Every structure is written in C-alpha cells, then in structure tokens.
Amino acid sequence: MVLEEALDSLLKPEYLRILDQLCLGDDTLAKKVFKAGEGLEATQDFVRIVLDKPELCVIEQREQEEIYDTDSMTVILDVYARDGDGTLYDIEFQNGGVGAKALEWMKKRVRFNASKMETRNLKHGGDYADLANVVVIVAYERDFFGGGLPLYHVMPSVVETGQVYDDGKSYIYINREYACADHGAKMRPIEKLIHDLGCVDPEQLLIPSLKARVQHLKSTREGKAEMCRLMKEYGDRRAAEGIAMGEAKSDLERALNMFSDRVPFGFIQKYTGYDEQRISAIARERGITYGATEGQ
C-alpha cells in the first residue's frame, strides 16, 4: 500500500504529458533506456547497427558516465560502453541547433569527450600501444553534414593522398532527419534505428530491445514513476541551484539554461511559464533549433 501511494505521488499529469512526447532521441529518455545493466542489450544492438557489426559484443555500459579531472573540465557522457575487443564508445543524443556556431560547438564537444576517454584509459606507466580505440557516436537531430545520408563516418586523412590516417579514434554521426523510402520489413537496420530514435509511441518501435525498454518506461506504472522521478529531481535541482546562488532567476535565464541542458520542450514550458510561441521565438533569436515537437 505504501509503495502504491509512493508511485501515485510521482505520477503527476504535467510529468506524464511530457513523458508522452519523449522519444529515444531525447537524452532524458535515453539515459533511462540505456541504464547500466538494464540497458546492456539495447546498447549492444545500438552499437551493432551503427557499426554494421552484428557479432559485436558489448560487455560494459553505463549511462551518465562522469569523467572527472582536477585540471580540466569534467565531462558527462550520455552513454559509455566497452566491447569485447576493448574499444570504448561514447554515445551522445543531441538536439542541436543549425548554423556554423552550433556545428563548431558540436565538433569541439565530441573531440573533447574522446580526448577525456583516452586520457582516462591510459594510466601512469602505461604503453601507448595499450591505448584503446575510441568511437564517438552522435545521434544528431539534424543532418550535420547536409548530405542526405543516414550515417557519416569521420576519420582523419592525409591531405596529399587522401589516405585514411587511422589513429584509433573516429566519429560517427547519425542523421535523425533521414527519411527512408521503405517501411517495416524492407527497412535496413540503420533505418529502423533512426525511426526508433524519433518515435514517441512505444508500440511502434521496430528494434525489440529498444522497444522493450521504452515500453517499460512509458507504458508501465513503475517505468512511468521512474521517469517522473527523474523530472521531479531535475526541477528540484534547478530550484535549489537558484536558491543557493541567492538569485531569483528570470524566466528567460531559466529557458536559456534549459536550452543548454538539452531538456525536453515540455520542461521549459513547465518551469518558465512561457508558451510555445515564446519559447520558439527565443530559440530562433539565438540560432537554436527548438519547437513544440523538437527536443521532446
């Protein structure tokens, strides 16, 4: 009875409305779908599809992996994973803006994440030969390179010859805007993954491991409560930060902070009181891609 009452206290209508609009491409939902242990199969299927390696085995994964360094900025990886060959993965879910500044920011961010993973991996006294390969996978809301392709593989090359310079570090961008011609059984695995990244209805997901996790979080009382608890914690943390800093933050400041945190559209409405038109106008003024159906 006590447990039922605790669940009921979390299932607030405003949180459930936001949850209904979340898709796997939003890191709010993704961090729970790929939760340590529970999301191992989903993480493995995700990486297998992106790398086109159906036999790849993920042996370790964690969500919201923090890499702390006393001498530089701490980074938090959306999803960290390691496969049986020792390759390290950073999977990022990015609702990004458009334009040169937004793209440059994204490139610098994934570069920094990769460098932090490398430095943590090689300990004092280690040998460079033991440095693990690193792959950063970015599920980007837009077509980052504008080529109309589902995936973009980025590796350094020799300018004079075009030869690939494989130093063990690579980046893969998923184009979440990609629209496939076929549907259902005819879809390629990467097309199914892109479909699932943007799907808000858990019953319509196509990849079984992803579908099972999203169904749990969006269709069961326990899963909904877990997501609502996450939303409540976010709101409480934001409120506490404002009080601790002795600031009565303006609604505009709150909105800008939430844009930078890549939070769902519904959160911004809830914690600023702004309507859809106002939020979209603020985003446009600052070159941020955000709308009622984006960032949700």
Number of the condition not met by R48 [criteria: (1) touching a strand residue (DSSP E or B) at 6+ places or on another chain (Cβ under 7 Å); (2) crowded, with 18+ Cβ neighbours inside 10 Å]: (1)
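Any residue that is polar (S, T, N, Q) and buried (at least 20 other Cβ atoms within 10 Å of the Cβ) - is there at least one of those in region 72-89?
no
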Flag for P156 being under 30 Å from P189 (Cβ atoms) and within 18 Å of the chain's Cα centre (by Cα): no
Scope region 1-22; condition part of a helix (DSSP H, G or I) and modelled with pLDDT of 80 or more; matching residues: P13, E14, Y15, L16, R17, I18, L19, D20, Q21
Hits in region 195-234 - residues which are crowded, with 18+ Cβ neighbours inside 10 Å and either acidic (D, E) or touching a Pro at 6+ places or on another chain (Cβ under 6 Å) (or both): D196, V214, K218
Which numbered condition C180 misses (of (1) surrounded by 13 or more Cβ atoms within 10 Å (Cβ to Cβ); (2) closer than 28 Å to R111 by Cβ; (3) modelled with pLDDT under 90): (2)
Which listed residue is in contact (Cβ under 8 Å) with a residue 24 or more places away in the chain, in a loop (DSSP other than H, G, I, E, B) and surrounded by fewer than 12 Cβ atoms within 10 Å (Cβ to Cβ), from G148, G162: G148
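The values are calculated or read from the model by the stated rules, or taken from the named source; none is laboratory data. Predicted, not measured: the structure shown is a model, and the values here were computed from it. Cβ atoms come from the backbone with ideal geometry, glycine included; neighbour counts cover every protein chain shown.
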